[in-house]
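So the structure is just underneath, and the comments pick up after that.
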Amino acid sequence: MKQMLKENQGIPASLLLTMAVVSGLTVANLYYNQPLLEEMRADFAAGEVEANLITVITQVGYACGLLFIVPMADMFARRKIVGVSMTLAAVMAALIAVAPALGVVQVASLVLGVCSVIPQVFIPVAGQFSKPADKSRNIGIVLSGLLTGILGARVVSGYVGEWIGWRGMYGLAAVLMAVCLVLSLRVLPPMPVTFHGSYGGLMKSVCRLFVTRPRMRLYAVRAAFAFGSMLSVWSCLAFHLAGEPFHAGSDKVGLLGLCGVMGALVASGTGKFVPVLGIRRMSLYGSVLQLLSWLIAYVWGNTYVGLVLAILLLDIGMQLLQLSNQSGCLQEVPHASSRANTIFMTLYFIGGSVGTFCSGLGWEHFGWAGVCSVGAGFALVSMLVSCADRQ
């Protein structure tokens, strides 16, 4: 029987690596659809806004999972939550692969989003059980796996979609979830729970934390707008590349996703700078990089060089903002890390969903210039939050 983890006593390297890898593969479920939207739209004879809703609905499902599932990790065995969630995720991915209508894809995408919250069960583990000196670094390792999954999903789905179609991509996703299920259940040790009571009492405690902890709200809102800025580019990139002057398919969207992975890897070691630079300064640096990236995307967005540079800077900026603010949020209440993460990530993905939706509207009415305006606007709001924060 595996030995139970103890708070602040350290995490085995094998467990940390497994959580990072499984986090990336699980969160990828949210983003496989983005390079494939044009193919899905054509397959179901749908409009661009209807196709874009698949992405929005998946992210809304993820936000629901963050709000209602992740807090349970303070109350129930994490192994049980992981097992049920990954089983349902595998089933939903398989259902999307054989869906006869767009409505089935949308409903299954909602449930798939709900069941893909496993990374947000793992991140508080890194914060709660790591040695104090290693907390930010270990959170950064799991976050790097998460962000690599977000960005790498587009690479994989772009090429797989070009090779065997969007349905084949979701069939592969179902297999990956089954593999992650087996791997997670073999590696995860037992962990103590920190809340004893009813589910209703658990959710009331989440609300109480949200109301009484203004710093947590600030961290979450600042990162949420930055995440909305990052997702703005991906929600409409397939449409942009399908038109003039590119006339490119999903494989090119996937190739640009590689740039995002490189950006995540470049920023993966920034966790050690959080205690040195502080959360506010790292957030400002991230916002500056995001605004610069949108300027480049607007001026040189009709060239691959411009898009590559913009995506690199956008994702590095996002990593700086998420790592610093999420670390701060978890350290506010280390005894309730899963509930703190619920507050942070629910607002974070609401920001991502709103950014995706607004980007779709910007594309419909103003094309690429509308997308750039939405992305820059979200990054600017995030920066203004940092400017107003004097702590």
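Here, each number is a calculation from the coordinates, and none is a lab measurement. Values in this document were obtained by computation on a predicted structure and should not be read as measured data. Here the Cβ positions follow ideal geometry from the backbone for every residue, glycine too, while neighbour counts run over all protein chains shown.
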Acute angle (nearest 10 degrees) that the helix 279-300 long axis makes with the longest principal axis of the chain, alpha-carbon atoms: 10 degrees
Selected from 354, 139, 256, residue furthest toward positive end of dipole (the chain; charges at beta carbon): 139
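Against the 2.2 N^0.38 Å scaling, with N counting residues, where does region 269-373 land? I'd like the Cα-based Rg ratio to two decimal places.
That ratio works out to 1.24.
Report relative contact order for the chain in percent, whole number only (criteria: Cα-Cα under 8 Å, sequence separation at least 6). Kindly include the intermediate steps, with their values, before the conclusion.
Numbers: 748 pairs, mean separation 101.9, N = 391.
After rounding, I find 26 percent.
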Convex hull volume per residue for the chain, taking Cα atoms only, in Å³: 118 Å³
Vicinal HN-Hα couplings computed from phi for region 22-33 (Karplus, 6.51 cos²θ - 1.76 cosθ + 1.60; Hz; Gly/Pro x): 5, 4, x, 5, 6, 5, 4, 4, 6, 10, 4, 6
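What translational diffusion coefficient, in µm²/s and rounded to a whole number, does the Stokes-Einstein relation yield for region 160-205 at 20 °C and a viscosity of 1.002 mPa s, taking the hydrodynamic radius as the Kirkwood radius over Cα pairs? Each step should come with its number before you reach the end.
Values: Rh = 14.1 Å.
Stokes-Einstein gives a translational diffusion coefficient of 152 µm²/s.
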Rg(Cα) / (2.2 N^0.38 Å) computed for region 1-138, rounded to two decimals: 1.21
Computed over region 88-147, the ratio Rg/Rh where both radii use C-alpha atoms and Rh is Kirkwood: 1.23
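Taking the Cα centre of the chain as the origin, how large is its charge dipole in debye, to the nearest 20, when only Lys and Arg (+1) and Asp and Glu (-1) carry charge on their Cβ atoms? Mind showing how you got there, number by number?
Details: 24 positive and 15 negative charges, 352 e Å.
Computed about the Cα centre, the dipole is about 1700 debye.
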For region 74-202, alpha-carbon Rg and Dmax in angstrom: 16.8, 52
Helix axis angle, 48-68 relative to the chain longest principal axis, alpha carbon, degrees: 0 degrees
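Just to be sure I follow the rule: in the chain, considering lysines 8 or more places apart or on different chains, how many pairs have Cα atoms under 17 Å apart?
Values: 2/80; 6/131; 6/135; 131/272; 135/272.
The number of close lysine pairs in the chain is 5.
Treating only the Cβ atoms of Lys and Arg (+1) and Asp and Glu (-1) as charged, compute the dipole magnitude of region 1-159 about its Cα centre; round to the nearest 20 debye. Mind showing how you got there, number by number?
Values: 10 positive and 8 negative charges, 169 e Å.
Once rounded to the nearest 20, the dipole reads 820 debye.
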In nm, spacing of pseudo-spin labels at residue 366 and residue 390 (7 Å Cα→C-beta vector): 3.4 nm
Shape metrics for region 31-85, restricted to C-alpha atoms - Rg then Dmax, Å: 15.6, 45
